[in-house]
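See structure below.
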């Protein structure tokens, strides 16, 4: 587990608020589409609304890296993120080819974010095995 | 990178947490530097040297000099 630095605590608060915003916007968008409350001109903007807090999570991670003053902790997190990126892109690539050859069903593109977060866990295990510290 | 950080810290009866607070880094960072798992940046190496009032080369062993001694 990574050290609870002030930057890390700020990042956690941002994640909590963004997750709350995501839940509210997702519920609102699903409700709106299900009950046909969205005017045709607003369908695209409303469909994109739940994506905005997720994009905010990426921005929060970037901001955390900028704000983190403990260089060793920052290095651990960067290593984790690189593993997460490699893991998520590999999953997306493999799934893409399997889907192209009609071997698996379609999966919505935003699942790559879930794979990325899962990849952070992979990165944490790699950090633990190689430098003895997990990360986030 | 090999270094004398653990020895210098022990001479002052500081824990890793104490040293971390003085350097404004985490205890994990101090541990990683002491055990040679992580090489500090030049600014952090200077902060360490200034804290102990020693030149950097009296705390950190130059890898190239260490290699030439081994030969």
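The values are calculated or read from the model by the stated rules, or taken from the named source; none is laboratory data. The structure displayed is predicted, hence computed values, not measured ones. Please note: Cβ atoms are built from the backbone with ideal geometry, for glycine as well, and neighbour counts cover all protein chains shown.
For the reader, a short list of remarks on this structure follows.
- Any hit, the stretch A:104-112, residues being touching a residue at least 24 places away in the same chain (Cβ under 8 Å), more than 14 Å from chain B (Cβ to nearest Cβ), surrounded by 18 or more Cβ atoms within 10 Å (Cβ to Cβ) and touching a helix residue (DSSP H, G or I) at 6+ places or on another chain (Cβ under 6 Å): no
- Residue within the stretch A:48-70 that is modelled with pLDDT of 95 or more, surrounded by 14 or more Cβ atoms within 10 Å (Cβ to Cβ) and over 30 Å from residue A:7 (Cα atoms) present: no
- Filter result for residue B:60 (touching a strand residue (DSSP E or B) at 6+ places or on another chain (Cβ under 7 Å), more than 14 Å from chain A (Cβ to nearest Cβ) and crowded, with 16+ Cβ neighbours inside 10 Å): yes
- Members of the stretch B:4-16 found to be away from chain A (no Cβ under 14 Å) and either closer than 17 Å to residue B:50 by Cβ or surrounded by 15 or more Cβ atoms within 10 Å (Cβ to Cβ) (or both), listed by number: B:4, B:6, B:8, B:9, B:11, B:12, B:14
- Any helices (runs of 4 or more DSSP H) falling wholly within the stretch A:1-100 and containing at least 2 residues that are touching a residue at least 40 places away in the same chain (Cβ under 8 Å): A:6-34, A:51-67, A:71-100
- Single residue of the stretch B:17-38 satisfying the filter (more than 10 Å from chain A (Cβ to nearest Cβ) and surrounded by fewer than 19 Cβ atoms within 10 Å (Cβ to Cβ)) that is farthest from residue A:71 (Cα to Cα): B:18
- Meets criteria (under 23 Å from residue A:69 (Cβ atoms), modelled with pLDDT of 95 or more and touching a strand residue (DSSP E or B) at 6+ places or on another chain (Cβ under 8 Å)) for residue B:45: yes
- Residues that are within 14 Å of another protein chain (Cβ to nearest Cβ) and crowded, with 17+ Cβ neighbours inside 10 Å are absent from the stretch A:12-34 altogether.
- Filter result for residue A:132 (surrounded by fewer than 19 Cβ atoms within 10 Å (Cβ to Cβ) and either touching a strand residue (DSSP E or B) at 6+ places or on another chain (Cβ under 6 Å) or within 14 Å of chain B (Cβ to nearest Cβ) (or both)): yes
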